[in-house]
Amino acid sequence: MASVVGGTFLTQRYLGSANRKPRGVKVTNVELNRPGTAGAGAAIATLGAPFPKGHQGGILLTNADTNEPVPLDYAAGTGVQGNKITLAIPAGTEMPERVRVFVLADVYPLARKDF
């Protein structure tokens, strides 16, 4: 199975705010429910307060041993509602034995947990 990961190449120093922690955001819990052959799974981050408007919440899954991302449609599978960020993991998704979950605000890593 081939993995394709896209990215952006910056030719100068980034001066925006997407790589800074939004004020008052704190992750209180991270869960990983692995998918099965017939049932979907999810990664869920619980925050201490509702996620702030004007920012994008996200979850990234990687192989904890190699740091390679788990190939998913992160844009379509991510939802933010109240104080929860949820990433849907479709049934049948191949998951590494050890998964590292990153919780993101914009591109700032709020938390990470290994499963």
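Bear in mind that the values in this text are calculations on the coordinates, not laboratory data. Quick caveat, the model's predicted, so the values are computed rather than measured. All Cβ positions, glycine included, derive from the backbone under ideal geometry; neighbour counts span all protein chains shown.
Helix-only arithmetic for the chain: the sum of -39500 (n - 2.57) across DSSP H runs with n ≥ 4, divided by the residue total, places the mean residue ellipticity at 222 nm at -500 deg cm²/dmol. Note on residue 98 and residue 17: with the Förster distance fixed at 35 Å, the Cβ-Cβ geometry gives a FRET efficiency of about 0.60.
Can you give the alpha-carbon Rg of segment 27-114 over 2.2 N^0.38 Å, where N counts its residues?
1.02
Looking only at 31, 68, 97, which one moves most when the chain is put into a Gaussian network model with springs between Cα atoms under 10 Å? Top of the fluctuation ranking is 97.
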